[in-house]
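The structure appears below as structure tokens.
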Amino acid sequence: MRGDESTRAKAGVSDAMRAFALLAAMILQTVAGAIGGSGAWGEPVGSVARAYPTILLPGGTAFSIWSLIYVLGIALAVRAVLPRQRRRDVQRSVGWWLVAAGMLNAAWVVAFTQRGFVPAQVIIVALLVVLCVALARLAARPAEGWADRLLLHTPVGIYAGWVTVATVTGAATTGAALGVTFSSTVATILAVVVALGAAAIAALATVRLRPVVGFAAAVAWGLGWIAVETPSGAVSAATAVGAVAVLLTTVWSLRRDADETRTARG
């Protein structure tokens, strides 16, 4: 009996540490985002990005999604601190991955606002990997009600979806900052291939990692704003098609899941 009590006590301490670490990480990334956006330390993120324009840079309004990501992250973390939530397997499965995401996001802001483009790109790739792992783990655990969908699955999905697009646009910015140049034709072809590739990966994710509505919406949002902002007609068409394809695939995936559920119930 004492052994069982000791095990439960250790698990409780571990759960509390994870939950409060998650809350701290979400607060940290929010503060870093506010500082990075305002230019209170270093240059504003937007100013740095616009200093190296590329045909894959989304319109400025696209970046407002960060505010939603930060708000949802805080809400997710506050819920995760609740005693009942701490003990859930789903929170144990993704908690530390989301802690890592918050810390990586803050580190990216620091690197990017100081024009450390290569470190920033390495960090955002790591952030994408971490978020994809968290999303895959969530996809393996169906949401238990609206609270899970609103305060766990959706926040992680939106976060991962936007970072998918940000990784692509960040790579283009990094190349421009390092002086990598191509002819307009080659640059356009590369941009189209990359944009369609990102859309294809996102569409595949909506099929395999279901349900990922937040992920699909964020990818479509990013691609749509590239379509609006880019001066290249070919890139605009490709990103618009990619955004629509992601949304249509998501609708198809949701309908398929609904049909399977009805079939299972007889």
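Please give the FRET efficiency for Leu68 paired with Arg115, using the beta carbon to beta carbon distance and R0 = 30 Å, rounded to the nearest 0.05. Intermediate values should be presented prior to the final figure.
Working: r = 27 Å, r/R0 = 0.88.
That gives a FRET efficiency of 0.70.
Pop out the ³J(HN,Hα) list for the range 162-176 in order, Karplus 6.51 cos²θ - 1.76 cosθ + 1.60 with θ = phi - 60°, rounded to Hz; leave Gly and Pro as x.
Going residue by residue, I get 5, 5, 4, 5, 4, 5, 5, 5, x, 5, 5, 5, 4, x, 5 Hz, with x marking Gly and Pro.
For the chain, set up a GNM with springs between Cα atoms under 10 Å and report which of Met103, Met26, Met17 has the largest fluctuation.
Met17
Binning at 10 angstrom from zero up to the longest distance, how are the C-alpha pair distances of the range 75-146 distributed in percent?
Distribution as computed: 19, 42, 25, 13, 1 percent.
Would you compute, from DSSP H runs of 4+ residues alone, the mean residue ellipticity of the chain at 222 nm, taking -39500 (n - 2.57) per run and dividing by the full residue count, rounded to the nearest 500?
The per-residue figure over the chain is -27500 deg cm²/dmol.
Provide, as a two-decimal number, the C-alpha radius of gyration of the chain over 2.2 N^0.38 Å, N being how many residues it has.
Values: Rg = 19.8 Å, N = 266, 2.2 N^0.38 = 18.4 Å.
For the chain, the normalised Cα radius of gyration is 1.08.
Which of Leu138, Leu128, Leu204 moves the most in a Gaussian network model of the chain with Cα springs under 10 Å?
It is Leu204.
According to a simple spin-label model (label point 7 Å from Cα along Cα-to-Cβ), what is the distance in nm between Trp41 and Ala75?
2.8
Counting only protein heavy atoms, what percent of the accessible surface of the chain is carbon or sulfur at a 1.4 Å probe?
69
Mind telling me which of Trp225, Trp96, Trp146 comes out most flexible in a GNM of the chain, alpha-carbon contacts under 10 Å?
The residue with the greatest mean-square fluctuation here is Trp146.
Relative to the present Cα-Cα distance, how much length would full extension add between Ala140 and Val31 at 0.36 nm per residue of separation?
36.1 nm
Over the chain, calculate the relative contact order: mean separation of alpha carbon pairs under 8 Å at least 6 apart, over the residue count, as a percent.
Computed over the chain, the figure is 22 percent.
Using a Förster distance of 45 Å, how high is the FRET efficiency between Met17 and Leu204, based on the Cβ-Cβ distance and rounded to 0.05?
Approximately 0.80, to the nearest 0.05.
Charges at C-beta only: +1 for Lys and Arg, -1 for Asp and Glu. How large is the resulting dipole of the chain about its Cα centre, in Debye rounded to 20?
Computed charge dipole of the chain: roughly 780 debye.
The values are calculated or read from the model by the stated rules, or taken from the named source; none is laboratory data. Computed from a prediction, not measured in an experiment: that's the story for all the values here. Please note: Cβ atoms are built from the backbone with ideal geometry, for glycine as well, and neighbour counts cover all protein chains shown. Note: areas computed on protein heavy atoms with side chains; ligands, DNA, RNA excluded. Shrake-Rupley method; radii C 1.70, N 1.55, O 1.52, S 1.80 Å.
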